[in-house]
Amino acid sequence: MSGGSRETWERWRADPEAFWAEAAGDLPWHRRWDRVLDADRAPFVRWFPGGELNTCHAALDAHVEAGRGDQLALVHDSPVTDTRSALRFAELRDATARFAGALRDLGVGVGDRVLIYMPMVPEAVIAMLACARIGAIHSVVFGGFAARELATRIEDARPVVVLAASCGIEPGRVVPYAPLLEEALAQAKWRPRHCVMLQRPACEAPLVAGRDLDWRDAAARSRPVEPVPVASDHPLYVLYTSGTTGTPKGVVRDTGGHAVALKWSLRHVYGMQPGEVFWAASDIGWVVGHSYIVYAPLLLGCTTILYEGKPVGTPDAGAFWRVIAEHGVKTLFTAPTAFRAIKREDPEATHLARHDLSGFGALFLAGERADPDTVEWAESRLGVPVIDHWWQTETGWPIAANCLGLGALPVKRGSPTRPVPGYDVRVLREDGSEADVGETGSLVVRLPLPPGCLPTLWNDDEGFVRSYLSRFPGFYETADAGHVDEDGYLWIMSRTDDIINVAGHRLSTGGMEEVLASHPDVAECAVIGAADALKGQVPVGLVVLKAGVERDAAELVGELVARVRDRIGPVASFKRAAVVTQLPKTRSGKILRGTMRRIADGAPWTLPATVDDPHSLEVVGDALRGLGYPAEEARA
Ligand code: COA
Ligand code: AMP
């Protein structure tokens, strides 16, 4: 370990509270905290109790007051609408203060929830910060989800107001949001008082009299409001993420711990300094967008890029290089799948020659396993450090990374390096004992979790304990499996639950199975995540029909694909399914999904001793071959 990384990790280990107290000193608290950590109600802990802070003030006003008002804060680059715009810190503060006034005029107060269903437009960032300004709790929903997913979130979060845009824009396709929102509102048992609609020229939405307001009218009528200091443990936001069933989990983020951890991480993990330009090519609907498009860069006084486009096709595989060069990006963060897409379209990276990337310093990859080929390709083409790092919606910031700001360690491709200060990561066996070096087990983090990680689930303390803390007492269960090597490097290999990562998007196969099982002709089903050269994994469905049902298989599969798209959303990328006569099961009736996945991936597998009918595996193997699995790349 290099001097900086080792020294910092050991400093944290020796006295975590002193370590985090020092990090907290980097923020403009309205009232200093009484204690660093309150663990009296463990496993429910509070960071910096007694402290009062306003995240919007720390992200905007404090920088303006310190003389950063003229620096660019938010750059919107939208190849899908062919527009660019930028807001300086003072401008972003003023626009946010005014929109916060509009929310207050609608009766939104401290602790009220506001649901944000918007694409990658500056108003979405303004909306998040405006909520933070008045102590309202935002919940952003990704645009690629279907109405039913939106309805579930509306019901759970019970927002007073919904903020929406009239449409999102995907390459070659306008996605009208209003019909999805109306359908969700019709399905949900909770009624928000108002919806504020941002009209976009590509597709305007009809407004419902008495309920809906036009965004620009509401902002124009309102007066700017000052930030409201809130308690350190006041929730800043709730972000829903896939759980092991179709019901998503509402990850809660507190105010104080979050600001401390994010500001520290951008400096020390990502190696950024105030005034530099950071770009997280993700979406504000995901945790990466919350943490590293919106909050961390602004808290540190960096310029952040909001990119409404794709790595390829908008217009070509040089899109990322253009954005880096045009806006002076120092560090880019994206999912490996984005680089696989670029590499597939432009293997020699010929587009690079057209852009000046001399100011570019590092590429960070996360959201799914970074395969060594992609890391190697990016390293050799870009000539900058390519850093794989591992984290989750629940933690909100990296658990393991090569901390550039502390002095980089040697890279082992395929490993996100070592735990970041704050995280005591262990590998446990089924019985809770510690695994040996090189032995695969459950990856867990010793409690308490550092600041910034989820303190609980929204309205579900019991679910928080059940989901994360019950299996290995004293530890947070990440639900990832892997091992640690002789140098202390972590290797993250797979999930221990039914979550799959599709193009860096986290999805539950259990949720998809619920949708398939709801089809009137389906008796039972299984959805597995099969390896995919572009998206990392894609879902594949296998269904058994009810006795007596005779259907054209292609037609039925078409209905199943449409059903998943309609109920979960296009983001699920559910496009392949087959009808089979039986599913492989154990004698006790458990479906052998793991074995099916190995067959689909062309990985070695053995006949499980507990299998009820070995012929069922041949049946599934034939069906998977018919769908093109194992895929060519896996066979090679
Ligand atoms: N609103 C509406 N629909 C959306 C959407 C949004 N915000 N985002 C994605 N979709 C749709 C897509 O249009 C696509 O629809 P289709 O089935 O009609 O083609 C579907 O959801 C699947 O999207 P995606 O998985 O993104 O696949 P893609 O083929 O459109 O693009 C990549 C593939 C690799 C280019 C793309 O996934 C990508 O840019 N990934 C970058 C990684 C990333 O942002 N990860 C987030 C976490 S860091
Ligand atoms: P999300 O909550 O969407 O950020 O997804 C978190 C999950 O993505 C983790 O639990 C891992 O399964 C996976 N993941 C994220 N980063 C990595 C990484 N660097 N390597 C391997 N898997 C990762």
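The values are calculated or read from the model by the stated rules, or taken from the named source; none is laboratory data. Predicted model, so just to flag it, every value in this text is computed and none were measured. Every residue, glycine as well, gets a Cβ built from its backbone with ideal geometry; the counts of neighbours run over all protein chains shown. Just the protein is used for accessible areas: all its heavy atoms, side chains included, with ligands, DNA and RNA removed. Shrake-Rupley method; radii C 1.70, N 1.55, O 1.52, S 1.80 Å.
Multiplying the sequence separation of E462 and A21 by 0.36 nm and subtracting their Cα-Cα distance, what value in nm do you get?
On the way: separation 441, 0.36 × 441 = 158.76 nm, distance 2.95 nm.
Value of the extension gain: 155.8 nm.
If contacts are Cα pairs under 8 angstrom and at least 6 residues apart, what is the relative contact order of the range 503-635 in percent?
Details: 206 pairs, mean separation 30.0, N = 133.
About 23 percent, as a whole number.
Give the separation of the Cα centroids, the range 188-242 to the range 383-420, in Å.
Between the Cα centres of the range 188-242 and the range 383-420 lies a distance of 36 Å.
So how do 230-238, 76-84 stack up, highest first, on mean other-Cβ count within 10 Å?
Numbers: 230-238: 23.7, 76-84: 16.4.
Result, highest mean first: 230-238, 76-84.
Of A209, N54, H351, which is farthest towards the positive pole of the chain's charge dipole, taken about the Cα centre with +1 and -1 on the beta-carbons of Lys, Arg and Asp, Glu respectively?
Toward the positive end, the furthest listed residue is A209.
Nearest 5 is fine: what % of DSSP beta bridges in the range 503-635 come out antiparallel, could you say? Can you show the working numbers first?
Numbers: 12 of 16 bridges.
DSSP beta bridges in the range 503-635 are roughly 75 percent antiparallel.
Could you give the alpha-carbon Rg of the range 20-173 over 2.2 N^0.38 Å, rounded to two decimals? Present the calculation step by step, with values, prior to reporting the outcome.
Details: Rg = 17.9 Å, N = 154, 2.2 N^0.38 = 14.9 Å.
Normalised by 2.2 N^0.38 Å, the Cα Rg of the range 20-173 equals 1.20.
Quick one: the Cα spread of the range 1-90 along its three principal axes, in angstroms, biggest first?
Largest to smallest, the principal-axis extents are 51, 37, 29 Å.
Where in the range 154-240 are there GluC sites (Glu not before Pro) that are in a DSSP coil and have at most 16 other Cβ atoms within 10 angstrom of their Cβ?
Values: sites: E155, E182, E183, E204; in loops: E204.
Those satisfying the criteria are E204.
One-quarter of the Cα convex hull surface for the range 448-542, in nm²?
On the way: hull surface 37.1 nm².
Mean projected area for the range 448-542: 9.3 nm², to one decimal.
Report the charge-dipole magnitude of the range 100-150 in Debye, nearest 20, computed about the Cα centre from +1 at each Lys and Arg Cβ and -1 at each Asp and Glu Cβ.
The calculation lands at about 80 debye.
Of A503, P451, T8, which is farthest along the charge dipole of the chain in the positive direction, counting Lys and Arg as +1 and Asp and Glu as -1 at C-beta?
The residue sitting farthest along the positive end of the dipole is P451.
Among the GluC sites (Glu not before Pro) in the range 533-636, which ones are in a DSSP loop with at most 10 other Cβ atoms within 10 Å of the Cβ? Mind listing them? Walk me through the numbers before you get to the answer.
Values: sites: E550, E555, E559, E618, E632, E633; in loops: E550.
Within the range 533-636, the qualifying GluC sites (Glu not before Pro) (loop, at most 10 other Cβ atoms within 10 Å) are E550.
Hey, with R₀ at 30 Å, roughly what FRET efficiency would R598 and A533 work out to, going by the Cβ-Cβ distance, to 0.05? Intermediate values should be presented prior to the final figure.
On the way: r = 18 Å, r/R0 = 0.58.
Between R598 and A533 the formula returns 0.95.
Please express the shape of the chain as an equivalent ellipsoid: the semi-axes are the square roots of 5 times the eigenvalues of the C-alpha gyration tensor, given largest first in whole angstrom. List each step's numbers first, then the result.
Values: eigenvalues 273, 179, 129 Å².
Over the Cα atoms of the chain, the semi-axes work out to 37, 30, 25 Å.
Radius of gyration and Dmax for the range 350-410's Cα atoms, expressed in Å?
For the range 350-410, the Cα-based Rg and Dmax read 13.1, 39 Å.
Per DSSP helix of 4 or more residues, -39500 (n - 2.57); summed, then divided by the residues of the chain. What does that give at 222 nm, rounded to the nearest 500? List each step's numbers first, then the result.
On the way: 18 runs with 180 residues, N = 636.
Result for the chain, helices only: -8500 deg cm²/dmol.
For a quick protection proxy, order the peptides 271-281, 416-426 by their average other-Cβ count within 10 Å, most packed first.
For the peptides 271-281, 416-426, the packing ranking is 416-426, 271-281.
What Kirkwood radius, in Å to one decimal, follows from the Cα pairs of the range 178-330? Kindly include the intermediate steps, with their values, before the conclusion.
Numbers: mean 1/r = 0.0531 Å⁻¹.
About 18.8 Å for the range 178-330.
Just report the Cα centroid separation between the range 534-559 and the range 29-69, whole Å.
51
Please get the size of the charge dipole for the range 426-540, origin at its Cα centre, with Cβ charges of +1 on Lys and Arg and -1 on Asp and Glu, quoted in debye to the nearest 20.
Details: 8 positive and 20 negative charges, 66 e Å.
Approximately 320 debye in magnitude.
Between D34 and S470, what FRET efficiency follows from the Cβ-Cβ distance if R0 is 25 Å, with the result rounded to 0.05? Don't jump to the answer; show the numbers that get you there.
Working: r = 31 Å, r/R0 = 1.23.
Once the sixth-power term is evaluated, E becomes 0.25.
Using a 4.7 Å cut-off between beta carbons, which cysteines in the chain end up with no partner cysteine at all?
C56, C131, C195, C302, C403, C453, C525
So what is the orientation-averaged projected area of the range 353-488, using the convex hull of its C-alpha atoms, in nm²?
On the way: hull surface 40.1 nm².
For the range 353-488, the mean projected area of the Cα convex hull comes to 10.0 nm².
Given points 7 Å out from each Cα along the Cα-Cβ axis, report the R11 to R354 separation in nanometres with one decimal.
4.5
Calculate the dipole size of the range 267-328 relative to its Cα centre from +1 charges on Lys and Arg beta carbons and -1 charges on Asp and Glu beta carbons; express the result in debye to the nearest 20. Can you show the working numbers first?
On the way: 3 positive and 5 negative charges, 26 e Å.
Approximately 120 debye in magnitude.
At a 1.4 Å probe radius, carbon and sulfur cover how many percent of the accessible area of the chain?
Details: 11890 of 23960 Å².
Here it works out to 50 percent.
Grab every C-alpha pair in the range 503-635, bin the distances at 5 angstrom width from 0 up to the longest one, and report whole percents.
The calculated distribution, bin by bin, is 2, 10, 22, 23, 21, 14, 6, 1, 0.
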